[in-house]
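Structure first, commentary second.
The values are calculated or read from the model by the stated rules, or taken from the named source; none is laboratory data. Predicted model only: the values in this text are computed from it and were never measured. A quick note on method: Cβ atoms are made from the backbone with ideal geometry, for glycine too, and the neighbour counts reach across all protein chains shown. Accessible surface is based on the protein model in full, side chains and every heavy atom, while ligands, DNA and RNA are left aside. Shrake-Rupley method; radii C 1.70, N 1.55, O 1.52, S 1.80 Å.
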Amino acid sequence: MMTESPDLEARTRAVRALESEVGELINQFRRVLAANAERLSPGLLPGAYKVFTTIVRKESVTISTLADSLMMDKGQLSRTVRELEHLGLVQRAPDPEDGRSSLLSPTAEGLERLAAARHPSDSSLLTALNEWPIEEIDDLARLLRALSAGTVP
């Protein structure tokens, strides 16, 4: 039986430690999403909040593109979008490139409510990173972007 090289063992330990820390960060992020969703609209589920913030980030997006981006079933996504429309957070407009589909975008009210909902968690993240040098925050963002994209930083 072949034993692992010291390099591979060290890399494996480092990756497992990273996996553990990312898992903890995801748990904290879920709590923030749930709290933000509740502040945005009482009773709003975190998944609907994620759909809304993705629409905000993309500014104008079709249901198909949104479903691909979020890896969601179009039927479930359509129900969630209808809920967001009913709450006054999202609006539809005809897609000028494809008359059969609509473009989803946030409403002005939705953007205002999102800013208010995010404020407490924005300040907690700012507080957590208050002592970090800006360059290290930028480095962390760059490294996480590379990890998400599956590229070498």
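What is the helix-to-structure angle for 74-86, meaning the angle in degrees between its Cα long axis and the longest Cα principal axis of the chain, kept from 0 to 90 and rounded to the nearest 10? Once rounded, the angle reads 60 degrees.
Okay, helix-only estimate at 222 nm for the chain: each DSSP H run of n ≥ 4 adds -39500 (n - 2.57), divide by all residues, round to 500 deg cm²/dmol; what do you get?
Value at 222 nm, helices only, nearest 500: -23500 deg cm²/dmol.
Ligands, DNA and RNA aside, Glu109 has an accessible area near 90 Å² when probed at 1.4 Å. Relative to the longest principal axis of the Cα atoms of the chain, the long axis of helix 134-149 lies at roughly 80 degrees. When each of the peptides 139-148, 33-42 is scored by the mean number of other C-beta atoms lying within 10 Å of its residues, the order from highest to lowest reads 33-42, 139-148.
Calculated FRET efficiency, Ile137 to Gln28, Cβ-Cβ distance, R0 = 22 Å: about 0.85 to the nearest 0.05. Full extension of the chain between Lys74 and Leu129 yields a length gain of 16.1 nm, computed as 0.36 nm times the residue separation minus the alpha carbon distance.
Normalised by 2.2 N^0.38 Å, with N the number of residues, the alpha-carbon radius of gyration of the chain equals 1.31. Please find the FRET efficiency linking Glu38 to Ser5, where r is the Cβ-Cβ separation and R0 is fixed at 41 Å, and quote it to the nearest 0.05. Working from the Cβ atoms, E equals 0.25. Note on region 46-92: along the principal axes its Cα atoms extend 24, 20, 20 Å, ordered by decreasing extent.
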